[in-house]
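What follows is a set of notes on a single structure, which appears directly below.
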Amino acid sequence: MPDWIKSYVRWVEAINYRVGRFTMYLLFVIMGVMLWSMASKVTHLPANWTLETAQFLFVAYYLLGAPYSMQLDTNVRMDLLYGRLNQRTQVMWDILTIFFLIFYIGVMLYGAIDSTVYSFSIGERNPTAWRPPLWPVKLVTCIAFSLLLLQAVAHFFRDVATLRKVSI
């Protein structure tokens, strides 16, 4: 494999590893927000921001964790036949299907960018009592889809290297 492909795969996987490890700790932040929500209800101090904050953090947790999950190959597969195939056939199947994934992520990223630009340009806010701006969570969505797209391409290069019996 060319050196630029090796560098690309290492670079993308290093970024997604760090982002994924950071993202794991968002679960504790979500738990803290929910504990604050519970405490505010017990003490009759309204905190109308807690539910939406927890939802926004969970979006970040879920979406930013996806590239890391793909990197570690811990994503869920619904396979009836895949698990019975030999490794070489599995890799060839992965190489074929990764193009569908890349197309899908590309469409999602296009929509996310369009939605984020629109949200930012009009100052879109959530129609609730707290009324937080929506562009930050939409920006996180764009970043997550970008990282997932980069990871899918890196996964493709790893599969090609495996098929050629070359290490990256």
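The values are calculated or read from the model by the stated rules, or taken from the named source; none is laboratory data. Just so it is clear, the model here is predicted, and its values are computed rather than measured. For neighbour counting, all protein chains shown are included, and Cβ atoms are generated from backbone atoms with ideal geometry for every residue, glycine included.
Some observations on this one:
- Any hit, the stretch 98-120, residues being within 21 Å of Thr162 (Cβ to Cβ), buried (at least 16 other Cβ atoms within 10 Å of the Cβ) and at pLDDT below 95: no
- Residue match in the stretch 34-46 (condition: over 19 Å from the mean Cα position of the chain (by Cα), of a type in the set (Ser, Thr, Tyr) and not in a helix (DSSP H, G or I)): yes
- Qualifying positions in the stretch 106-156 - in contact with a Phe, Trp or Tyr (Cβ under 6 Å, 6 or more places away or on another chain) and within 29 Å of Lys6 (Cβ to Cβ): Met108, Leu109
- The numbered conditions (1) touching a residue at least 24 places away in the same chain (Cβ under 8 Å); (2) under 22 Å from Ala14 (Cα atoms); (3) aliphatic (A, V, I, L, M); (4) assigned to a helix (DSSP H, G or I) are all true for Val166 except (4).
- Unmet criterion (only one of (1) more than 22 Å from Glu13 (Cβ to Cβ); (2) at pLDDT below 95; (3) not charged (D, E, K, R)) for Gln87: (1)
- Exactly one residue among Tyr68, Tyr61 is touching a Gly at 6+ places or on another chain (Cβ under 6 Å) and at pLDDT 95 or above, and that residue is Tyr68.
- Conditions (1) over 25 Å from Leu57 (Cβ atoms); (2) more than 20 Å from the chain's Cα centre (by Cα); (3) surrounded by 13 or more Cβ atoms within 10 Å (Cβ to Cβ); number of the one not met by Asn126: (1)
- Where a residue in the stretch 68-80 is more than 17 Å from Thr97 (Cβ to Cβ) and its partner, wherever it lies, is loosely packed, with under 10 Cβ neighbours inside 10 Å, with Cβ under 6 Å and at least six apart: none
- Enumeration of residues in the stretch 127-160 that are among the polar types (S, T, N, Q) and either more than 22 Å from Glu52 (Cβ to Cβ) or modelled with pLDDT of 95 or more (or both): Thr141, Ser146, Gln151
- Residue check for Ala66: small (Gly, Ala, Ser), more than 28 Å from Ala152 (Cα to Cα) and surrounded by 13 or more Cβ atoms within 10 Å (Cβ to Cβ): no
- Some residue of the stretch 119-127 being in a helix (DSSP H, G or I) and touching a helix residue (DSSP H, G or I) at 6+ places or on another chain (Cβ under 7 Å): yes
- Between Val76, Val19, the distinction of being modelled with pLDDT under 90, at negative phi and either surrounded by fewer than 11 Cβ atoms within 10 Å (Cβ to Cβ) or in a helix (DSSP H, G or I) (or both) belongs to Val76 only.
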